[in-house]
Amino acid sequence: MGQLELLWEYQQSDVEVYNLNRLIKRSPKRMKLLKLRDSLKEQQALLKSIEDEVLAMVDRSDALKDAVSLMEDQLKQLQGRIQENPAASSMDVQGYMDEAARIAGSLDEYDQEIRNIRRSATERDKRQRDIKVRAIRSKQEFDDLRVEYEIEYKEKAEELERLRAIAKSKMEGIDPEYLERYEAIKQRCMPPMAKIVDGQCGGCNMGFPSSVLRDIKSGRPVECETCGRLIVG
Ligand SMILES: [Zn+2]
C-alpha cells in the first residue's frame with residue numbers, strides 16, 4: 001500500500017476518534033453541567049458583592065454613630081452654656097436657638113440615614129438568603145448530574161481510548177512528513193483527505209484539470225486548490 005492509501009486508512013480511524021470526541025464535548029449532560037457551574041459562579045459573585053456592600057454599610061453605620069455622639073456632646077455643651085450664661089437679649093436667644101436647630105437638624109439627618117441603612121440591610125439579608133437557597137439547589141443539581149455524567153463519560157472514554165489505540169496502530173508505516181501534512185490540513189478542515197469522485201474532489205466537488213488528475217493517479221500527493229484537502233486517487 002502506498003503512503004496516501006495508508007494515510008487514508010489512518011483517516012478512517014482518526015475521524016472516528018474525532019467524532020466520538022465531539023459527541024463527548026457536546027453531550028447534553030456536559031452542557032448542562034457547564035451551565036450550572038456558570039450559574040453557581042454567578043451566585044457566588046453576587047453573594048460576594050452583597051457581603052462587600054454590607055461591610056461598607058457597617059463602616060458607614062459606625063461613622064454615623066460617632067457623628068451622633070459628637071452632636072449629643074455639642075448639645076450637652078450648649079445646655080451647659082445656656083445654664084451658665086442665660087440669654088440676656090433676644091439676640092442671645094436667637095443665637096442659642098439657631099445652634100440648637102443646627103444640632104437637631106444634623107441629628108435628624110443622621111437618624112434618617114441610619115434608618116435607610118437598616119432598611120437596606122434587611123433587604124440585603126433577604127436577597128442573600130434567596131441566593132443561598134438557589135445556590136444550594138444548583139449545587140445539589142450539579143452534584144447529581146455530575147454523577148450521571150461521570151458514568152456516561154467513563155463508558156465513552158473507554159471507547160475513545162480503544163479508537164485512539166486503533167488510530168495509533170494505523171500510523172505505523174506512514175512517513176512522518178505525510179502525518180505532519182495531514183495534521184496541518186486538519187487544522188483547516190476535517191477530514192483532511194478526500195477521494196476523487198467522477199474526476200472531482202470528493203470533499204468539495206470541484207473538478208480537477210486532466211493534468212492534476214494525472215498527477216493524482218501517479219500517486220503524487222496533491223492538495224485540492226479549492227478546499228485544500230489531500231487527494232487520494
Ligand atoms: Zn476540494
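For this structure, a couple of remarks:
- Percent RCO, i.e. relative contact order, over the range 166-221, from Cα pairs under 8 Å lying at least 6 residues apart: 14
- Convex hull volume of the range 84-138 per residue (C-alpha atoms, cubic angstrom): 57
- Using Cβ point charges alone (K and R +1, D and E -1), the dipole size of the chain about the Cα centre works out to roughly 1200 debye.
- Contact order normalised by residue count of the chain, Cα under 8 Å, 6+ apart, percent: 32
- Fully extended contour minus Cα-Cα distance, from I151 to L107, at 0.36 nm per residue: 9.3 nm
- The chain: antiparallel DSSP beta bridges as a percent of all, rounded to 5: 60
- Here, the chain has an Rg and a Dmax of 39.1, 123 Å when only alpha carbons are counted.
- The local environment of Q79, defined by Cβ-Cβ distances under 12 Å, has a net charge of -2 under the rule Lys, Arg +1 and Asp, Glu -1.
- If R0 is 30 Å, the Cβ-Cβ spacing of A45 and Y18 corresponds to a FRET efficiency of close to 0.25.
- Its Cα gyration tensor gives the range 180-233 an equivalent ellipsoid; the semi-axes, largest first and in whole Å, are 18, 12, 8.
- The range 9-146, relative contact order [Cα under 8 Å, separation at least 6], %: 47
Throughout, read-outs are computed from the coordinates displayed, never taken from laboratory work. Values in this document were obtained by computation on a predicted structure and should not be read as measured data. We place every Cβ from the backbone using ideal geometry, glycine too, and count neighbours over all the protein chains shown.
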